[in-house]
Amino acid sequence: MPAVSRGNRRASDVRHLDEVVVSICGKKQWLWRAVDQDGYVLDEILQTRRNTKAAKRLLVRLMKKQGCLPKRIVTDKLRSYGAARRQVTP
């Protein structure tokens, strides 16, 4: 199989979405990221909130970059992901 650069990768069928809390200058921030099934980080955003609006922003940015919807999205069962997915996907 030929080597594929990071920018020319095919869109995978499974995306994993998660968030983690980080402290920057003593303030709590949430690092949201999307990872494909091979472990490549597709997108990252830093938010002060952990709500539906932040999850929706991640999904919209991810769909704009990738150009297509994945077949399956795996999350950590945060309710914001479900609400954001219902708003974004048809």
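The values are calculated or read from the model by the stated rules, or taken from the named source; none is laboratory data. No experiment lies behind these values; they were computed from the predicted model shown. Glycine gets a Cβ as well: all are built from the backbone with ideal geometry, and neighbour counts include every protein chain shown.
What the table below lists for this structure:
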| quantity | calculated |
| --- | --- |
| Total residues in the range 46-90, condition part of a strand (DSSP E or B), at pLDDT below 90 and surrounded by fewer than 16 Cβ atoms within 10 Å (Cβ to Cβ) | 1 |
| Within the range 55-71, tally of residues that are under 12 Å from residue 18 (Cα atoms) and in contact with a helix residue (DSSP H, G or I) (Cβ under 7 Å, 6 or more places away or on another chain) | 2 |
| The range 72-90 residues that are more than 17 Å from residue 21 (Cβ to Cβ), paired with ones that are outside any helix (DSSP H, G or I) and not charged (D, E, K, R) (beta carbon under 7 Å, 6 or more apart) | 72/14; 73/17; 74/14; 74/16; 85/73; 89/69 |
| Residue match in the range 17-31 (condition: at pLDDT below 90, more than 13 Å from the chain's Cα centre (by Cα) and of a type in the set (Gly, Ala, Ser)) | no |
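Listed here are the residues, each with its yes/no results for (1) in contact (Cβ under 8 Å) with a residue 60 or more places away in the chain; (2) over 22 Å from residue 86 (Cβ atoms); (3) not basic (Lys, Arg).
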| site | (1), (2), (3) |
| --- | --- |
| 25 | no, yes, yes |
| 30 | no, no, yes |
| 37 | no, yes, yes |
| 40 | no, yes, yes |
| 43 | no, no, yes |
| 56 | no, no, no |
